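We did not get these values from a lab; they are worked out from the coordinates using the rules stated. None of these values were measured; they are calculated from a predicted model. Here the Cβ positions follow ideal geometry from the backbone for every residue, glycine too, while neighbour counts run over all protein chains shown.
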Amino acid sequence: MDIAGLSTALSTAQVNNDVSVAVLKKSLDTLDTTGENMIKMMEASVYPNLGQNIDYSI
């Protein structure tokens, strides 16, 4: 294999690796956000009737 072909192959492999890492990072960020939202929903469900009724008198 010539040097130019080897250089092209290594460059292509590096680009593929960079893209894979970027996609993995985005996936982890999405999972982190989803986890935070899940925690908020679970905390809100501790008192499911909170805010459902208003006591008032005229």
Reviewing (1) 54, 31, 21; (2) 90, 20, 7; (3) 34, 23, 21, the figure for Cα extents along the principal axes in Å actually calculated from this model sits under (2)
Pseudo-spin-label distance ILE39 to THR8, built 7 Å along Cα→Cβ, given in nm, is 5.0 nm
Karplus-derived 3J(HN,Hα) from phi for segment 34-47 (6.51 cos²θ - 1.76 cosθ + 1.60, θ = phi - 60°), whole Hz, x at Gly and Pro, runs 4, x, 4, 5, 5, 4, 4, 5, 5, 5, 5, 7, 5, 10
